[in-house]
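Asks: First, the structure itself, so that you have it in front of you.
Just so it is clear, none of the values below were taken in a lab; they were calculated from the coordinates. A quick note: this is a predicted structure, and the numbers were derived from the prediction, not measured. Neighbour counts are summed over all protein chains in view; Cβ atoms, including those assigned to glycine, are modelled from backbone coordinates with ideal geometry.
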Amino acid sequence: PKLKSAKPVVRTVKRWTVKRWTNETEQDLQACFDCTDWSIFEAGATDLDELTETITSDSISWINSFLTDRHQLVKLGKFKSNSRTTSTGATQGCVLSPLLFSLYTNDCTSTDPSVKLLKFADDTTVIGLIQDGDESAYRQEVEQLVVWCSLSHLELNTLKTVEMIVDFRRNTPALPPLTIMNSTVPTVESFRFLGTTISQDLKWDTHIDSIVKKAQQRLFFLHQLRKFNLPQELLTQFYSAVIESVLCTSITVWFGSATKSDIRRLQRTVRTAERIIGAPLPTLQELYTS
């Protein structure tokens, strides 16, 4: 999952690096898996099948039967609520839900070549290249996204929507605020994008601060396991799963441009884990190049 989520981060940072002035809006869909209208999905999947021949009509009928007229109730201790029938949303914990939602939102795309729309589950990111101070295409795509969500019975979570401006010019002009559904979108200097903290100067200090702090907190549990005399093999497995996974989050995005001091801070965490385990561990450089 982390490798999959790193790919859109790589594409996003690459676009920002190549273009000097971009606006980016990070948006979140509220309770998306509970609001999906499967009659819309059925029509969209049928159109997709006609184009790609990858989804058979039998599959569409089976999925529609599986998701509609479902009986649900709530159980708390020995108490049960009355059963109700629902035909919207997806079953909680169903392995099909993420795939079905991706198909449901398949036709949500950008129509302007200067604006890119990235989707990952219920997170949607709009990236606009602003040239000669003209934001019209970017703002129009944001408005179209709002309209598409309304027509698709999905609700944008404006409380989790932010805008970040990447502009390396010396004199940065003030820009009018972006408004979505009568709510002003706050402009931020950094934000978390699929687990990676991205700053408007495209430096990685803030992200590395975050993962170093998280990794050091988890070293405590590694130390506690060592007190119980667990074998090195199990300690190493714990380190790989719980600590190394944090240090390597989106490492292909930021490691190549991280400062030497930041890399030393990260490597100190690895050396501390080596002392606790009593065995050598791969360096971040080795993990980055492997």
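Asks: Could you compute how fast the stretch 113-166 diffuses translationally, taking Rh as the Kirkwood radius over C-alpha pairs and applying Stokes-Einstein at 20 °C with viscosity 1.002 mPa s? Give it in µm² per second.
Replies: Translational diffusion coefficient: 176 µm²/s.
Asks: At Leu175 and Arg271, where each label point lies 7 Å from the Cα along Cα→Cβ, what is the point-to-point distance in nanometres?
Replies: 4.2
Asks: Also: What is the calculated FRET efficiency for Leu287 to Leu99, with r their C-beta to C-beta distance and R₀ = 30 Å, to the nearest 0.05?
Replies: 0.50
Asks: Highest first, please rank the peptides 108-119, 74-85 by the mean number of other Cβ atoms sitting within 10 Å of their residues.
Replies: Highest-to-lowest ranking by the protection proxy: 108-119, 74-85.
Asks: So for the pair Arg70, Asp58, with labels modelled 7 Å out along Cα→Cβ, what separation do we get in nm?
Replies: Simple spin-label model gives 2.4 nm for this pair.
Asks: Right, here's the next one. Here are some pairs, Lys78/Lys214; Lys116/Lys214; Lys160/Lys203; Lys160/Lys213; Lys75/Lys213; Lys116/Lys213; which of them have Cα atoms lying more than 30 Å apart in this structure?
Replies: Pairs exceeding 30 Å: Lys78/Lys214; Lys116/Lys214; Lys75/Lys213; Lys116/Lys213.
Asks: Sticking with this structure for a sec: Find how much the distance from Gln232 to Thr187 grows on full extension, using 0.36 nm per residue of separation minus their present alpha carbon separation; answer in nm with one decimal.
Replies: Contour length minus the Cα-Cα distance gives 11.5 nm.
Asks: Which peptide among 154-163, 217-226 comes first, and what is the full order, when sorted by highest mean count of other Cβ atoms within 10 Å?
Replies: Ranking, from highest mean packing down: 154-163, 217-226.
Asks: Evaluate 2.2 N^0.38 Å with N set to the residue count of the stretch 151-247, then give the Cα radius of gyration divided by it.
Replies: Working it through for the stretch 151-247, the quotient is 1.64.
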